[in-house]
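The values are calculated or read from the model by the stated rules, or taken from the named source; none is laboratory data. Every value quoted in this text rests on a predicted model; they were computed, and no experiment measured them. Ideal geometry is used to build each Cβ from the backbone, glycine not excepted, and the neighbour counts take in all protein chains shown. All accessible areas refer to the heavy atoms of the entire protein, side chains included, with ligands and DNA or RNA removed. Shrake-Rupley method; radii C 1.70, N 1.55, O 1.52, S 1.80 Å.
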Amino acid sequence: MAEWLYEAGIGEARAALVVDGRIVEARIERDDEGPRVGAVVAARLIEAGRSGKDALVALDWPGEPSATLGDVPPGTSTGARIAVEITRMALCERGRDKPARARMAEPGAVPGDGPDLRARIAASGVPVNLLHPTAADRLEAAGWSEMIDCVRTGHWPFAGGALWVDATPAMVLIDIDGEGDALALARTGAVEAAAVIRCCGIGGSIGIDFPSLPGRAERRAIDAAIDAALPPPFERTAVNGFGFMQIIRRRDRPSLIEQVRLDPVRTDAALLLRRAERAVGAGVLTLTARGAVIDHIAARPGWIAQLEQRCGRPIRLVADPAATGGGHAQ
């Protein structure tokens, strides 16, 4: 049986597609990630680009984020007010951020944000179960924390080996590590790598480093294993003689790898707030974590107000230099 588990957390929404008790897709949508794909937003042209290509606009959005625009109508001058549609959200990469991408909105398009996470999973046709902090933690029972730990460390163990996953500015790299028969390891690794790509919503350029397989028939078997395990659409190269395959998938939103690994403070703040929502007891609820996490939460009084409303308790924030990870709430 397949179902989506959806949780409207504080600062972020979470969803997991669970099949037979196991998470096969996991998604996080954070409040401040900017306009979503499909959003129609008023904007101001700040750079016209060359021949109407690679223009830059400032969006009428909190913080006035920028977006690249690839199809500016001829004669549009710098400073002009236009309406654009977001085709790719802003992305965070190691050492740099990428602005959103946009195109000119259709005439008469109504301004507004694109479909949120709940709407997108509902559109999949798979049943959606809405989770509440006072009920059984079904996300945790399905392995949410273990999955987030794998994303955080980049280490995804499986029987007979493990994947090491890292996000570089050029591509996401997946290394298959293990002992024993190279073909058997490569076959299993192909299935596991496809599962991680799907689970984390990894898009763009992806490189998989398989154990070296000298025979063409063996390499073709790995090609077939990827084709069978990874949901389309995607493009790929064949496994070469050095055991390397490149995969290209559509990339229009941040992947879980980018969200968790490249923004650890936000990740731990969300984890702490999630724990706080489920804390039992009465009186003051104390949230303790390292300073950066506490500062992140303190800078957002709306989150604290939400937490107080949900748990019915006053909130106290404590910075502890010795604390690690998401800290604790009690």
Note, ³J(HN,Hα) from phi for region 26-42, Karplus 6.51, -1.76, 1.60, rounded to Hz, x at Gly and Pro: 10, 9, 10, 10, 9, 5, 10, 7, x, x, 7, 4, x, 5, 10, 10, 5
Along principal axes, Cα extents of region 88-237, largest first, whole Å: 58, 44, 34
Protection proxy ranking of 124-137, 8-21, 148-161, 191-204 - average other beta-carbon atoms within 10 Å, highest first: 191-204, 8-21, 148-161, 124-137
For the chain: relative contact order, % (alpha-carbon pairs under 8 angstrom, 6 or more apart): 15 percent
From the C-alpha gyration tensor of region 17-141, square roots of 5λ in Å: 36, 15, 12
Region 197-330, Rg to Rh (Cα coordinates; Rh as Kirkwood inverse mean 1/r): 1.23
Antiparallel content of DSSP bridges confined to the chain, in %, to 5: 80 percent
Residue-wise HN-Hα coupling along region 106-119, computed from phi with Karplus coefficients 6.51, -1.76, 1.60 (Hz; x: Gly, Pro): 5, x, x, 4, 7, x, x, 6, x, x, 7, 4, 4, 5
Percent of C-alpha pairs per 5 Å bin, region 177-262, short to long: 3, 15, 27, 24, 16, 10, 5, 1
Residue-averaged 222 nm ellipticity for the chain, from DSSP H runs of 4+ at -39500 (n - 2.57), nearest 500: -8000 deg cm²/dmol
Heavy-atom accessible area per residue - the chain, 1.4 Å, Å²: 48 Å²
Stokes-Einstein D (µm²/s) once Rh is taken as the Kirkwood radius of the chain over alpha-carbon pairs, at 10 °C in 1.306 mPa s: 72 µm²/s
DSSP bridge orientation in region 2-100 - percent antiparallel, rounded to nearest 5: 95 percent
Local net charge near residue 28, Cβ-Cβ under 14 Å (Lys/Arg +1, Asp/Glu -1): 0
Highest average packing first - 89-98, 272-281, 249-258, Cβ atoms within 10 Å: 249-258, 272-281, 89-98
Sequence-separation-based contact order of region 1-87, relative, with Cα cut under 8 Å and 6+ spacing, percent: 23 percent
Charge dipole (the chain, unit charges on Cβ, about Cα centre) - positive-most of 323, 104, 24: 104
Options 74, 203, 214, ranked by Cα towards positive dipole end of the chain, top entry (Cβ charges): 74
For residue 25, distant residues with modelled amide H under 5 Å away: 17
